[in-house]
1. Over the residues of segment 216-372, compute the C-alpha Rg and express it relative to 2.2 N^0.38 Å.
2. Could you give the length gained on full extension between VAL611 and THR49, defined as 0.36 nm per residue of separation minus the Cα-Cα distance, in nm?
3. Subtract the Cα-Cα distance of ALA195 and ASP503 from 0.36 nm times their separation in residues, and report this length gain in nm to one decimal.
4. If I take the Cα coordinates of the chain and project them onto the principal axes, what are the three extents in Å, biggest first?
5. DSSP loop (so not H, G, I, E, B), at most 14 other Cβ within 10 Å: list which GluC sites (Glu not before Pro) in segment 41-96 pass both filters.
6. Using just the helices of the chain, give the 222 nm mean residue ellipticity in deg cm²/dmol: DSSP H runs with n ≥ 4 each add -39,500 (n - 2.57), and the total is spread over all residues, rounded to 500.
7. Accessible area per residue, 1.4 Å probe, Å², for segment 578-666: what's the number?
8. Which residues in segment 196-218 place their backbone N less than 17 Å from a point set 7 Å from the Cα of ASP254 along the Cα-to-Cβ direction?
Amino acid sequence: MTDVGVPPIWTPSREVVDAARIHDFARWLAGRGVAVGEGYHDLWRWSVTDLAAFWDAVREYFDVRFAAPGRQVLAREEMPGAVWFPGAELNYVDQVFAGRPLDGVAAAQVGEPDPSGPAGPWPVRAWTWGELRRQVAGFAATLTQLGVRRGDRVAGYLPDVVEALVAFLGTAAIGAIWSCTGQDYAPPGAVNRFAQLEPVVLVVADGYRHGGKEHDRREASRAVLAGLPSVRATIVVPRLGLPTDPDLGGIPWDQAVGGGDGVPEPVPVPFDHPLWVLFSSGTTGMPKGIVHGHGGVVLEHLKSVALHLDVGPADTFLWYTTPSWMMWNFRNAGLLVGATAVCYDGSPLHPSPDGLWTLAAQLGVTVLGTSPGYLLACAKAGAEPGRDPELGRLRILGVTGSTLPADSYRWVRDHVGAGVQVASITGGTDVVSAFIGEAPTLPVWPGELSAPCLGVALDAFDECGNSVRGRVGELVVTRPMPSMPVGFWNDLDGVRYREAYFDAYPGVWRHGDWITITPRGSVVMHGRSDSTLNRQGIRMGSADIYQAVEQVPEVLESLVIGAELPDGGYWMPLYVTLAPGAVLDDDLRARIVAAIREHASPRHVPDEIIVAPGVPHTRTGKKLEIPIKRMLQGQDPASVVDPRVVDDADVLQWYVRQAQARSQGG
């Protein structure tokens, strides 16, 4: 349990509090006669007690552009199935461009330098608001000419480039539905996701640079296209300037954005009309398509980006991400408040562990987002980013993807800057935002997230559904949020949606994280309570790994574990059961790694490959991923699994001995 006597590692100054957008929001409420008490926690309590008043205040404060007003704010509160702003119409893109100065910088594209060229600063290209608007209008016009209609799907197989942002906005502007994965996904992983949507247009890039290497993705793009018979047209982004692939064909990017009259005219759509489809990690099978609506995303992202991260028109906002991760969508929300969004498709560790810091300094980034794993790597490498005077504009360091240990908070204070606020947040693809985080008016304690976010009725439940404090419980949300999914794709009766979040506690959202809510209202994270692999913030289901590894002839079965470690590290072992006579030599190990790289993801290559006598299952055949993970993290085996429910107790005992040996340093 957290020691409540530990002093905060960062406390906002009076000047920071007075200038914060959330403080202005509280004053604005008071000016309208809304009594919310004193301080953040009083504001939070009001926000979850009177949901309708809070979310309507967010709409009014940020001047959300409704083309048609809603009949009420919250017509039905039950979960699942809450109904927000019935009758209202709007478009995400309308909110992006409203009142923007045409000559201001809307987005910046950064890539690693050409490995064959001279060393020097990262090449940067800036898009003004006027240019971004023209390209979005041109892309939307091209989609319309191709016969794309409201509700059709457009898919992107792209790195983190501004062209992906343009394609998303152009798709949303006409009421079509966007979905995207990064090009680090192998083609089967991308096809498994996109084929469910039956997209009519596919946007691809010829490749990207990462870690000092060029990655030609033309062949991979052809494979994705071959797996999507619904696609009628492709659009090709020349990221590396490679020759056009005749087998891929497609419309060149410049042509795709060159039409139209230069001014997008976003089509008003209902509040819950699908904006995009994000995908679950696919832990238990085919990835689930998570559908979010225009209105819920606009309200949630305005609240999160402006009130919690205090991002505004004067900010340069960089969050290291890929289009496969919901943080790509969250980073793009900077556009909703007029900030400059930075897209970067390179490695944070290139050309050295402090590469991301150097990039942030070069661009004058004010709000930077990264992962606990990256901070740990920097600490181990002896990086000293705070010595760069050009990093002086940085005021908030966002961190998510896994639990941030207390030592990393201290490392940021000592090696980045004592004035930089660590904004550790946790949320998910499911709500494309955060449940718990920071605010510029709140202190930060090492190893803790400062508070539940506004509008999030957060609680911790024990296994019987009782609210608990000061001890570990399941992260739950007891009242709806507007950015909760409209539904899952092809889940017409809503059965999969209910099973995903509401089976454990009917009518209450269970997210799958272990948390402790402290007496001061802060929150300590203890990692996932499910088996999702979460390396450097990039989530992937174990099913993707199994599908790749178990194609290797010598591998009979496998078990992969992603274990968060007390020092902030992340250990990902792969246990393999081999065919009779097979030996895990260098050749077999190399072929297993190659299979994962090619068919799953190069970012999820295991730290170790270990030969095991078997894989334990439940009586219904489910691999015991979570119990094995808990044992490897040091929990008592008797507390995490009952041997009577396991198909082979002897095999289970082998894993118990492995965990004990690891805890003893063997």
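The values are calculated or read from the model by the stated rules, or taken from the named source; none is laboratory data. No experiment lies behind these values; they were computed from the predicted model shown. In this analysis, Cβ positions are derived from the backbone assuming ideal geometry, glycine residues included, and neighbour counts consider all displayed protein chains. SASA here: full protein model, heavy atoms, side chains in, ligands and nucleic acids out. Shrake-Rupley method; radii C 1.70, N 1.55, O 1.52, S 1.80 Å.
1. My calculation over the Cα atoms of segment 216-372 gives 1.22.
2. Working: separation 562, 0.36 × 562 = 202.32 nm, distance 5.32 nm.
Value of the extension gain: 197.0 nm.
3. 108.1 nm
4. So the three principal-axis extents are 68, 64, 56 Å.
5. Details: sites: GLU60, GLU77, GLU78, GLU89; in loops: GLU77, GLU78.
Of the GluC sites (Glu not before Pro), the ones in loops of segment 41-96 whose Cβ has at most 14 other Cβ atoms within 10 Å are GLU77, GLU78.
6. Values: 21 runs with 196 residues, N = 666.
-8500 deg cm²/dmol, from helical runs alone.
7. On the way: 4790 Å² over 89 residues.
Computed with neighbouring chains in place, this is 54 Å² per residue.
8. 206
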